[in-house]
Amino acid sequence: MKSNEIKEAALKYFTIHGYEGASLSQIAEEVGLKKQSIYAHFKGKDDLFLQVLRDAKEAELSSKLHYFSTVDSQNPERDLYGFLQLVIDLFQKNELLRFWLRMTFFPPAHLRNEIGEEVADIEGKVQSVLEGKFQDWIDAKVIVHDIAKTPTLAFLGVVDSILIELVYVNDEERLKDKLEACWSVFWRGISHS
């Protein structure tokens, strides 16, 4: 139980202050422990940080996989646009996922490679699921394309564009405008109309 409390406090401090600004002393104090007691649960600050990061990664992955498990293979327009809305909601409303987004864009320099591996892992899993969905839509002739990889990568480019808005700009109107513009061009490129 204390491990989870420590991770919750760490999430708060890492999100507010970043890796460098968060201290184990602050985190320990938040949960009513002495700094040394954290070492009974975690090897150190890096271990605690990476465990919180992996929890965030799993939360993002499970949310996306759950969404895709409910997707109807006959309505890609609704399902893909709904996924873009899910991405926006996840990162605007969930502190754990805001932490994931910030730390994957701005990783602590000494953990860049480990975080990069975590990002590559989740991106690979999401791309694989998306490619399967695009292939289903191609096979059902509800979208126009030869191979699933091309629209998958193009769609992930739209997702990346939205994530950049969420990290750097944080302007609701600009986010909405960018979403609509990217979506319009993307959908025109793969639809029959």
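Close contacts from segment 156-174, counting a first residue that is without any contact (Cβ under 8 Å) to a residue 24 or more places away in the chain and a second that is open to solvent by 70 Å² or more (accessible area, probe 1.4 Å) and assigned to a helix (DSSP H, G or I), with Cβ to Cβ under 8 Å and a gap of 6+ residues or different chains, come to E165/R174. Test E114 against the stated conditions and say whether it is open to solvent by 70 Å² or more (accessible area, probe 1.4 Å), farther than 14 Å from T15 by Cβ and either touching a residue at least 24 places away in the same chain (Cβ under 8 Å) or of a type in the set (K, R) (or both). In short, yes. Scan segment 37-95 for residues that are closer than 29 Å to W187 by Cα, without any contact (Cβ under 8 Å) to a residue 24 or more places away in the chain and hydroxyl-bearing (S, T, Y) and the total you get is 4.
Of all residues in segment 1-36, count the ones that are free of Cβ contacts under 8 Å to residues at least 24 places away in the same chain and hydroxyl-bearing (S, T, Y). So the answer is 3.
Here is the figure for segment 117-130: residues that are exposed (fewer than 15 other Cβ atoms within 10 Å of the Cβ) and touching a residue at least 60 places away in the same chain (Cβ under 8 Å) total 2.
Being part of a helix (DSSP H, G or I) and surrounded by fewer than 16 Cβ atoms within 10 Å (Cβ to Cβ) is true for just one of Q74, Q26, Q51, Q36. Which residue is that? On inspection, the qualifying residue turns out to be Q36.
E60: part of a helix (DSSP H, G or I), at pLDDT 95 or above and of a type in the set (D, E, K, R), yes or no? No, not satisfied.
A quick yes/no check of all residues on (1) at negative phi; (2) open to solvent by 60 Å² or more (accessible area, probe 1.4 Å); (3) of a type in the set (G, A, S):
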residue: G82; (1), (2), (3): yes, no, yes
residue: L96; (1), (2), (3): yes, no, no
residue: K133; (1), (2), (3): yes, no, no
residue: H192; (1), (2), (3): yes, yes, no
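The values are calculated or read from the model by the stated rules, or taken from the named source; none is laboratory data. Bear in mind that the values here come from a model prediction, so they are computed numbers and not experimental data. Quick reminder, even Gly has a Cβ in these numbers, built from the backbone with ideal geometry, and neighbours come from all protein chains shown. With ligands, DNA and RNA removed, areas are computed over all heavy atoms of the protein, side chains included. Shrake-Rupley method; radii C 1.70, N 1.55, O 1.52, S 1.80 Å.
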